[in-house]
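The block underneath contains the structure these notes are about, expressed in C-alpha cells.
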Amino acid sequence: MHEVSRRRFLTELGAGVAGCSLCGACGAAPVQAGARRKEALFYERLADKSVRCTLCPRRCVVPAGGRGYCGVRQNNGGRYDTLVYGWPCAMNLDPIEKKPFFHVYPGSRAFSIATVGCNIECKFCQNWDISQAEPDDVNPRLRYVGPDRIAALAAERKARTIAYTYNEPTVFYEYMADCARAARQRGLENVIVSNGFIADAPQKALFPEVRAIKIDLKAFTQKFYGEICDGFLQPVLDTLKRLADAGCWYEIVVLLIPTLNDGVDEIKRMTAWIVKELGPDVPVHFSRYSPRYKIRNIPPTPISTLRRARGIAREQGCHFVYLGNVPGDEGQHTYCPSCGEIAIKRYGYIILQNNIADGRCAACKTPIAGVWD
C-alpha cells in the first residue's frame with residue numbers, strides 16, 4: 001500500500017463534506033474562512049494581549065497572533081479563538097464496540113465526528129493525518145456543519161450516540177459541548193474517546209452532557225509519556241480519578257507496544273493502581289499495536305503479550321479485561337465475574353450473543369457494571 005503525504009491526504013479529505021463517508025443529503029454548506037473563528041472557552045487574558053489557555057494541563061501562554069500547542073486555538077488580539085468549531089473532517093457511523101465501548105449499549109451505532117488537532121503527539125498515532133494537522137492543512141472546500149445539523153444527521157441514521165473521536169475531542173471542546181447539548185435535545189446520548197489530557201474545570205463541565213468516556217492510558221510511566229507522547233502521565237491519572245468520583249461510566253484502553261510499555265512489572269503496577277483507585281469493575285482493554293506514524297520499526301504486538309497482560313490484570317482483581325485488534329480471541333468476550341459464564345460474546349465488533357438482561361447476568365442474576373438498555 002502506498003503512503004500519501006499528510007497534506008495530500010487532507011486535501012482529498014476536504015474535497016467532500018468534511019471527509020464524510022455518509023455524504024448525500026448532508027445539508028452542509030460552504031462558509032467563508034473567517035467564520036471558522038469562534039471565541040474559545042477556558043482561557044485567561046494576560047498582559048500585552050497574551051492569553052493563558054486553561055483547557056488542558058499544558059496551560060499554554062500564547063502571544064497575540066500565536067496558537068496553542070494543539071494548533072487549533074489562536075490568540076487574536078487578546079481574544080482566544082477556536083478555529084475548528086463546526087468544521088469536522090470526518091463523520092462516520094460506527095459500531096459502538098469500535099471506540100471501543102464494551103459495556104455501553106452493545107450492538108448500537110455511534111455517529112462519530114472529528115476535527116483536526118491534538119494536545120499531545122503520540123509517535124504511534126493511527127490517526128496522525130488529522131490529529132497532527134492544523135486548520136491550514138485542510139482543503140478550503142471543507143464545509144461547515146453546525147451542532148444542530150450534526151444531531152440531525154445522527155438521528156436520521158438511527159445512531160444511539162454521538163461519539164467525539166479519531167482526534168482528541170478536548171481541542172474541539174466548544175463544538176463538542178454544543179453538539180452534545182443538541183444531541184440530548186433529540187434524545188441521543190454522547191460518548192467521548194479521549195487521551196484524558198484535560199483540566200479539571202472543563203472536564204467537570206462536560207459530565208452532565210456525556211454518557212460514557214473512553215480514556216487511552218498510554219502507559220504507566222512518565223518516561224513513556226514524555227518521550228513517546230510529548231505529554232504527562234499524572235494529569236491522565238487525575239482525569240481517571242475524577243471520572244471515578246463523578247460516577248460517569250468510563251473504560252480504559254492500553255495500546256501495548258513491544259519493549260516500550262508491555263513489561264510485566266508495569267502492567268502489574270498499572271492494574272493494581274486501577275483496582276485500588278478506580279475499582280475492579282472498570283473495563284480495561286489491552287489493544288494490539290501495529291506500526292504507524294513515527295514508530296514503524298517495532299513489529300505488531302504478539303498475541304501472547306496481550307494474553308499475558310490480561311492474565312496479570314485478572315490476577316490483580318480486574319473483573320473485565322479485554323483484548324483489542326484480535327478478532328476471535330476469547331479475550332473479546334464479557335464474562336460474569338460471579339459465575340464465569342459468557343455475558344456477551346463478540347467477534348471483532350459483532351455481537352454474537354448478549355446474555356445480559358436488565359443489567360444482570362442471565363445465568364446467575366449478578367449485576368454487570370455498564371450502561372445497558
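Every number in this text was worked out from the coordinates using simple rules, so none of it is lab data. Computed from a predicted model, the values in this text were never measured in an experiment. Heads up, the Cβs are rebuilt from the backbone with ideal geometry, glycines too, and the neighbour counts pull from every protein chain shown.
Just want the ordering: Tyr85, Tyr349, from fewest to most Cβ atoms lying within 10 Å of their own Cβ.
Tyr349, Tyr85
Can you check what the net charge comes to around Glu227, using other residues whose Cβ is under 14 Å from the Cβ of Glu227 (Lys, Arg +1; Asp, Glu -1)?
+2
Taking a threshold of 25 Å on the Cα-Cα distance, which of the pairs Lys223/Lys276; Lys123/Lys158; Lys276/Lys345; Lys99/Lys123; Lys241/Lys365; Lys214/Lys268 fall above it?
In this structure, Lys123/Lys158; Lys276/Lys345; Lys241/Lys365 exceed 25 Å between Cα atoms.
Report, by chain and number, residues whose modeled amide H sits under 5 Å from the one on Asn355, excluding near sequence neighbours (fewer than 5 apart, same chain).
Answer set, sorted by chain and number: Ile344, Lys345.
Residues with amide H under 5 Å of Val104's amide H, sequence separation 5 or more or different chain, H placed in the peptide plane at 1.01 Å from N; which?
The list, which skips near neighbours in sequence, is Val371.
Nearest 5 is fine: what % of DSSP beta bridges in region 90-361 come out antiparallel, could you say?
Around 35 percent antiparallel, to the nearest 5.
For each of Thr115, Thr259, Thr161, count neighbouring Cβ atoms within 10 Å of the residue's Cβ, then give the residues from fewest to most.
By the 10 Å Cβ count, ascending, the order reads Thr259, Thr161, Thr115.
In percent, what relative contact order does the chain have, based on Cα pairs under 8 Å that are 6 or more apart in sequence?
Computed value for the chain: 13 percent relative contact order.
If we count other beta carbons within 10 Å of each Cβ, what is the order of Ile198, Ile215, fewest first?
Ile215, Ile198
Please quote Rg/Rh for the chain to two decimal places, taking the Kirkwood radius as Rh and restricting both calculations to Cα atoms.
Here Rg/Rh amounts to 0.96.
Any number yet on Rg/Rh for region 285-373, C-alpha, Kirkwood?
1.05
Please list, in order along region 128-136, the HN-Hα scalar couplings obtained from phi with the Karplus expression 6.51 cos²θ - 1.76 cosθ + 1.60 (θ = phi - 60°), rounded to whole Hz, x for Gly and Pro.
Working through the residues one at a time gives 4, 4, 9, 5, 9, 8, 10, x, 5 Hz.
In whole Hz, what ³J(HN,Hα) sequence does region 263-273 give by Karplus (6.51, -1.76, 1.60; θ = phi - 60°), x for Gly and Pro?
Taking θ as phi minus 60°, the curve returns x, 4, 4, 5, 5, 4, 5, 4, 6, 5, 5 Hz for region 263-273.
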